[in-house]
Every structure is written in structure tokens, then in C-alpha cells.
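Novice: Sharing a structure, written as C-alpha cells. Questions coming.
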Amino acid sequence: MTDTVAVVTDIHGNLPALQAALARIDELGIERIYCGGDLVGYGPQPNEVCALIAERGIPTIYGNYDYAIARDLEDCGCAYITPHDREIGQQSVDWTLAHTDRASKDFMRALPFDLRFELGERRVHLVHGSPRKVNEYLFEDKPARLYERLAGAERSDVLVFGHTHKPWVHEYGGVLFVNCGSVGKPKDGDPRGAFAILTEHDVTIERVEYDARAVAGEVAAAGLPAELADKLVSAT
């Protein structure tokens, strides 16, 4: 599949979900894989995820979580709705800082903000949140004028991103916007891992089964907040 690429993003320390996604990509015969960041955070296997991405030689950008953990920062740049959500999030940051080894932090620290590549005659721009900020949330229901402005400033034909953990695809101003969803922590009500498959003429969001309940058990056993385990199964 020369003119086909797969983009995985928002793995968040969920090794089984990443393994399932990569197995599906290999099964489909797709050789070009890119990663949109947030390798760590919330999940129990940050080092294993970083090691697998490095081992596979997958071109990768940093997410907001990667940026913070790599630099031993205590603020991941995440947006929280309630003080309780912020408390749970901070517990995740603290745990991830303590359990991510130096090799993984060095790997993430070396990652770039964005990547550009060609897919047939299409130019593709990969970012984590948006071209403007690593932690900007581009939700599907935001005003069209926002996306028209982004399209006007974009030099590529396709803008690929993640960060919201909710997949969507829509064209604005001649630019195709592709939110890949999340491999390891979906928030769209479907606990299966999500990633994007792009061809020169089409985009699909692929879903892949993995044992979310088993990973939820690992989250709880690792000492991460129980709510994070519950959200893996409910995908909220």
C-alpha cells in the first residue's frame, strides 16, 4: 500500500491498545505509520509504549503530556472541567513523572512539534492539538469560522491531529481536517482503540478491539486513580 498511511495518536501508556493497533495496521499491509504524540499519561506502561514506538522507528511528534513529562514539569497542559477532574489529572501526572524512566523522557524530549509528509499528490501536516498550540482542543462542534481560519493559514491539503480523543473528519476551506481519535484512551463512548488510515483519496477511522478491562485492572493495580480505570471501559 504505497499511497496509504496509518496515523496513531494519544496512546497514553496503554501498551495492549498500541499493540492491537499496530497488529491491525500490519495485517492491512500498511508500511507507513506516523504517531501524533501523547505516548504517556493515564496508563500504566509509559516506558513500554515509548520503547515500542522507538523500536518500530515510527516518525512521532510530541503531545502536551510528552512535552511535560520529558521535562519533569508538573503541568501537562490539559484542560479540566471541574476541580475534581483536575485532582485526578494531577495524580496521573505525578504517577507518570515517577514511573517514566530517563530513556523514555530523553526519547520524548527529542520529538518535534509537527511533521509534514506527502501522500500521493496530497500534502499532509501532522500536529497533536492544532498548528497553533500543542494543547489546543479542536472539537468537531467548534464554530466553522475557526476551521476556516486555520485552513486559510495551512499550507497542506490535509491536517491530521488528535488530543480530543474523539475522531472526526470534515473539510473546511479546501483543507481536510482529520482527528484520529485515541488509540489508548477513547472518549467517544466506544472503548475500542481508534486510529486513522489515509489514502490519496480517502480517510477512514479504524477501530480495534483489545482487552480494555484487563488494562483497567492494571491501571488500578499500578496505583493510578480508579476513575481512570473505569473510563477505559466506558470510553468517556
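Novice: Please state the shape class of region 105-236: rounded when a/c is under 1.5, otherwise prolate if a/b exceeds b/c and oblate if not, all from the C-alpha gyration tensor.
Specialist: Details: a/c = 1.98, a/b = 1.81, b/c = 1.10.
Verdict is prolate for region 105-236.
Novice: Related question: What is the log10 of I(q)/I(0) for region 98-143, computed with the Debye formula using one identical point scatterer on each Cα and no solvent, at q = 0.21, 0.23, 0.26 Å⁻¹?
Specialist: Normalising to I(0) and taking log10 leaves -0.87, -0.91, -0.96.
Novice: Moving to a separate point now. Which whole-Hz ³J(HN,Hα) couplings does region 202-207 yield from phi under the Karplus relation 6.51 cos²θ - 1.76 cosθ + 1.60, θ = phi - 60°, glycine and proline marked x?
Specialist: 8, 9, 10, 9, 8, 10
Novice: May I pose another question? Please compute one quarter of the surface area of the Cα convex hull for the chain and express it in square nanometres. Write down the numbers at each step before the final one.
Specialist: Working: hull surface 46.1 nm².
The orientation-averaged projected area of the Cα hull of the chain comes to 11.5 nm².
Novice: Over the chain, with the other protein chains present, what is the accessible area per residue in square angstrom, probe 1.4 angstrom?
Specialist: On the way: 10040 Å² over 236 residues.
It amounts to 43 Å² per residue over the chain.
Novice: Continuing with the same structure: Which percent of the accessible heavy-atom area of region 81-229 goes to carbon and sulfur, probe 1.4 angstrom?
Specialist: Details: 3460 of 6970 Å².
Carbon and sulfur together cover 50 percent of it.
Novice: Amide H of residue 32: which non-local residues (sequence gap of 5 or more, or other chain) have their own amide H closer than 5 Å, using H built in the peptide plane?
Specialist: 6
Novice: Another question about this same structure. How big is the charge dipole of the chain about its Cα centre, in debye rounded to the nearest 20, if each Lys and Arg gets +1 on its Cβ and each Asp and Glu gets -1 on its Cβ? Write out the running numbers ahead of the final one.
Specialist: On the way: 24 positive and 37 negative charges, 88 e Å.
Roughly 420 debye, rounded to the nearest 20.
Novice: Let me ask something else. Amide H of residue 60: which non-local residues (sequence gap of 5 or more, or other chain) have their own amide H closer than 5 Å, using H built in the peptide plane?
Specialist: 35
Novice: Carbon and sulfur: what percent of region 1-75's accessible surface (1.4 Å probe)? Kindly include the intermediate steps, with their values, before the conclusion.
Specialist: Working: 1130 of 2540 Å².
Exposed carbon and sulfur together represent 45 percent of the surface.
Novice: With r as the distance between the Cβ atoms of residue 141 and residue 117 and R0 = 35 Å, compute the FRET efficiency 1/(1 + (r/R0)^6) and round to 0.05. All intermediate terms of the calculation are to be shown ahead of the outcome.
Specialist: Values: r = 29 Å, r/R0 = 0.82.
FRET efficiency, residue 117 to residue 141: 0.75.
Novice: In whole Hz, what ³J(HN,Hα) sequence does region 85-96 give by Karplus (6.51, -1.76, 1.60; θ = phi - 60°), x for Gly and Pro?
Specialist: 4, 5, 5, 4, x, 5, 4, 5, 4, 4, 5, 5
Novice: Related question: Residue-wise, which Karplus ³J(HN,Hα) couplings in Hz belong to region 22-33, taking 6.51 cos²θ - 1.76 cosθ + 1.60, θ = phi - 60°, and x for glycine or proline?
Specialist: 5, 5, 5, 4, 5, 4, 7, x, 8, 9, 8, 10
Novice: What number do you get for region 1-95 when its Cα radius of gyration is normalised by 2.2 N^0.38 Å, N = residues?
Specialist: Details: Rg = 14.6 Å, N = 95, 2.2 N^0.38 = 12.4 Å.
Computed over Cα atoms of region 1-95, the ratio equals 1.18.
Novice: Between residue 234 and residue 171, what is the label-point separation in nm under the 7 Å Cα-to-beta-carbon projection?
Specialist: Distance between label points: 3.8 nm.
Novice: Now for a different question. Let me know the volume per residue of the alpha-carbon convex hull for region 65-151, in Å³.
Specialist: Numbers: hull volume 10.6 nm³, N = 87.
About 122 Å³ per residue, rounded to a whole number.
Novice: Students sometimes get this wrong: rank 55, 136 by accessible area, probe 1.4 Å, all chains present, largest first.
Specialist: On the way: 55 150, 136 30 Å².
Highest to lowest solvent-accessible surface, that is 55, 136.
Novice: Continuing with this model, one more query. Could you pull the accessible area for residue 105 with a 1.4 Å probe, rounded to 10 Å²?
Specialist: 10 Å²
Novice: Test of the criteria: in region 138-173, which trypsin sites (Lys or Arg not before Pro) are in a DSSP loop and have at most 12 other Cβ atoms within 10 angstrom of their Cβ? Don't jump to the answer; show the numbers that get you there.
Specialist: Numbers: sites: 145, 149, 155; in loops: 155.
Answer by residue number: 155.
Novice: Then there is this: For every helix of n ≥ 4 consecutive DSSP H residues, a contribution of -39,500 (n - 2.57) applies; sum these over the chain, divide by its total residues, and give [θ] at 222 nm rounded to the nearest 500 deg cm²/dmol. Working shown, then result.
Specialist: Working: 8 runs with 85 residues, N = 236.
For the chain, the value works out to -11000 deg cm²/dmol.
Novice: List the residues whose amide H sits under 5 Å from the amide H of residue 177, counting only those 5 or more places along or on another chain, with H placed 1.01 Å from N in the peptide plane.
Specialist: So residue 177 has HN proximity to 159, 170, 171, 172.
Novice: What is the sum of charges, Lys and Arg at +1 and Asp and Glu at -1, for the other residues whose Cβ falls under 14 Å from the Cβ of residue 47?
Specialist: Values: positive: 102, 105; negative: 48, 55, 66, 101, 106, 218.
Net charge in that neighbourhood comes out at -4.
The values are calculated or read from the model by the stated rules, or taken from the named source; none is laboratory data. What you see is a predicted model; the values in this text were computed from it and never measured. Cβ: placed from backbone, ideal geometry, glycine included. Neighbour counts: every protein chain shown. Remember, those area values only see protein heavy atoms, side chains included, never the ligands or the DNA or RNA. Shrake-Rupley method; radii C 1.70, N 1.55, O 1.52, S 1.80 Å.
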